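The values are calculated or read from the model by the stated rules, or taken from the named source; none is laboratory data. Nothing here was measured: the structure is a model prediction, and the numbers come from that model. FYI the Cβ positions are ideal-geometry reconstructions off the backbone, even for glycines, and counts take in every protein chain you see. Surface areas here come from the heavy atoms of the whole protein model, side chains and all, with no ligands, DNA or RNA. Shrake-Rupley method; radii C 1.70, N 1.55, O 1.52, S 1.80 Å.
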Amino acid sequence: MWGGRFAEGPSAIMREINASIPFDKALWREDIAGSRAHVAMLAKQGIVSEADARAIDDGLQQVAAEYERDGVPEDWDLEDIHMTVEARLTEIVGPAAGRLHTARSRNDQVATDFRMWVRAANTRAIAGIDAVLRALVNRAEEHADTIMPGFTHLQTAQPVTLGHHLLAYFEMLKRDRSRFADALARMDECPLGSAALAGTGFDLDRDMTAQALGFARPTRNSLDAVSDRDFAIDYLVSASQCSLHLSRLAEEFIIWASQPFGFVKLPDTLSTGSSIMPQKRNPDAAELVRGHAGRIIGCTTSLMITMKGLPLAYSKDMQDDKPPVFEAAGLIDLSLAAMAGMVADSTFQTARMRKAAEAGHATATDLADWLVRQADIPFREAHHITGSAVKLADSKGVALDGLSLDDLKPIDDRIDERVFEALSVDASVAARASYGGTAPIQVRQQVKDARSWLEKN
């Protein structure tokens with residue numbers, strides 16, 4: 001492949017370090033699609049004959065059928081998927097195959113193939129997020145009235161509805177979806193025709209190849225087109241942020257499924273047992289989603305560091321651009337599928353959730369708010385009064401609404417029997433009906449809005 005420039009072939013070490021076919025064979029579909037678009041354009045421009053173009057296109061389709069059936073052979077002497085396809089094409093159609101590489105380089109070829117692959121990965125991620133979003137909305141509607149403790153610092157803070165809690169992740173993942181969509185919009189340009197770095201002297205129709213490969217337009221600068229991988233970094237950054245949100249949701253399920261909490265029973269299909277302890281029901285799928293986030297972030301860092309100091313244009317370092325993207329794509333796709341199933345099929349233990357909300361003085365803020373509204377007490381003073389009431393409830397081993405009026409009057413004489421209307425967990429969540437709040441009426445409106453958004457996107 002190196003032709004007459006070198007007197008000797010590559011050493012065994014060079015052969016091994018230089019070959020990328022073990023991983024870039026994943027691009028075979030994109031490579032053949034790009035080649036078919038390229039040769040069709042060459043024929044239309046009169047750069048190759050119609051007969052050679054037809055032979056090449058037929059041969060490429062035969063190569064595709066073989067790879068679909070038998071997989072891609074790994075001949076390390078051919079280095080990569082591009083030369084592997086061309087070598088097999090030459091076996092099929094003969095010397096005419098050599099005309100395929102007219103007016104292109106492996107540099108613009110790989111940039112185009114990789115961009116198409118990442119484009120598909122972005123699209124898969126969006127579809128995966130949509131599945132999780134639908135599951136979250138369905139369960140939120142189901143549990144618009146289900147009361148659970150809301151936490152800060154993993155301490156009981158205020159009662160919330162489970163529907164409200166689940167919709168928080170809907171908002172996070174909706175933003176993640178927008179990041180993948182933004183990445184798709186930015187990368188919607190075709191590098192094919194940029195050649196090695198400077199363009200080509202042949203009269204190409206780059207709009208034709210861009211359109212044939214599903215891009216909005218060709219890239220505007222040949223140096224940039226072959227030498228940057230920001231489209232892949234965009235994808236990895238989007239995947240990293242999405243994985244962080246999935247990891248947080250997975251951690252919630254891990255905590256909730258533990259016996260001290262007992263808020264949820266995970267589906268059998270996403271749980272495992274123990275090799276020694278028969279009573280165990282391990283949340284392994286959730287734990288792996290949590291673990292995958294670290295690997296995805298590592299992949300992002302890897303590609304960023306690879307690209308950080310490269311001068312224009314192409315450098316061989318960029319051969320290492322694909323493994324971290326391929327790894328991250330597999331992990332984020334799997335994580336999204338696992339979380340969609342976990343949200344959809346888990347069984348929430350609603351009585352246990354309510355009991356926990358009632359047990360942690362979660363309505364303390366409601367007592368303070370009642371004092372502000374009904375007794376016209378400054379909030380800081382109300383906060384102090386409420387603290388005294390919590391201390392008394394602790395000493396008696398009861399919830400705040402378990403205190404009697406005779407218990408509360410000595411703390412502050414301005415408290416009257418109306419206070420008990422505010423101290424139940426039901427009254428607490430119902431009162432928080434401000435826009436974006438946890439009240440069931442707000443959750444149902446949020447669900448309605450979420451469904452409307454999903455239908456439009």
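To keep it simple, each residue is scored yes or no on (1) part of a helix (DSSP H, G or I); (2) open to solvent by less than 30 Å² (accessible area, probe 1.4 Å).
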residue	(1), (2)
Thr200	no, no
Asp207	yes, no
Gln211	yes, no
Gly262	no, yes
Thr269	yes, no
Ala286	yes, yes
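Need a quick list: helices (runs of 4 or more DSSP H) entirely within the stretch 1-99 having at least 1 residues that are at pLDDT 95 or above and either open to solvent by less than 30 Å² (accessible area, probe 1.4 Å) or touching an Asp or Glu at 6+ places or on another chain (Cβ under 8 Å) (or both).
Because the criterion is at least 1 residues that are at pLDDT 95 or above and either open to solvent by less than 30 Å² (accessible area, probe 1.4 Å) or touching an Asp or Glu at 6+ places or on another chain (Cβ under 8 Å) (or both), the helices (runs of 4 or more DSSP H) in the stretch 1-99 that meet it are 28-44, 50-70, 81-93.
Given (1) in contact with a His (Cβ under 9 Å, 6 or more places away or on another chain); (2) closer than 30 Å to Arg354 by Cα, where does Arg175 come up short, assuming only one miss?
Here Arg175 meets the rest and fails (2).
Looking at Thr112, is it touching a Leu at 6+ places or on another chain (Cβ under 6 Å) and in contact (Cβ under 8 Å) with a residue 24 or more places away in the chain?
Considered against the rule, which asks whether it is touching a Leu at 6+ places or on another chain (Cβ under 6 Å) and in contact (Cβ under 8 Å) with a residue 24 or more places away in the chain, Thr112 comes out as yes.
Can you find, within the stretch 145-195, the residue that is most open to solvent (accessible area, probe 1.4 Å) among those that are of a type outside the set (Gly, Ala, Ser) and in a loop (DSSP other than H, G, I, E, B)?
For the stretch 145-195, the residue satisfying everything is His153.
Restricting to the stretch 366-397, name every residue that is at pLDDT below 90, open to solvent by 50 Å² or more (accessible area, probe 1.4 Å) and assigned to a loop (DSSP other than H, G, I, E, B).
Passing the criteria: Asp376, Gly397.
Can you tell me how many residues within the stretch 351-365 are open to solvent by 60 Å² or more (accessible area, probe 1.4 Å) and of a type outside the set (Gly, Ala, Ser)?
Residues of the stretch 351-365 that are open to solvent by 60 Å² or more (accessible area, probe 1.4 Å), as a first pass: 351-352, 354-355, 358-359.
Remaining after also requiring of a type outside the set (Gly, Ala, Ser): 352, 354-355, 358.
Residues that pass the stated criteria total 4.
Answer with yes or no whether Met304 is within 20 Å of Val237 (Cα to Cα) and at pLDDT below 95.
no
Could you please find all residues in the stretch 405-453 being under 28 Å from the mean Cα position of the chain (by Cα) and modelled with pLDDT under 90?
Of everything in the stretch 405-453, nothing turns out to be under 28 Å from the mean Cα position of the chain (by Cα) and modelled with pLDDT under 90.
Only one of these is open to solvent by 20 Å² or more (accessible area, probe 1.4 Å), in contact (Cβ under 8 Å) with a residue 40 or more places away in the chain and outside any helix (DSSP H, G or I): Leu334, Leu312. Name it. Break it down stepwise before answering.
Values: Leu334 fails: outside any helix (DSSP H, G or I).
Selected residue: Leu312, the only one of Leu334, Leu312 that is open to solvent by 20 Å² or more (accessible area, probe 1.4 Å), in contact (Cβ under 8 Å) with a residue 40 or more places away in the chain and outside any helix (DSSP H, G or I).
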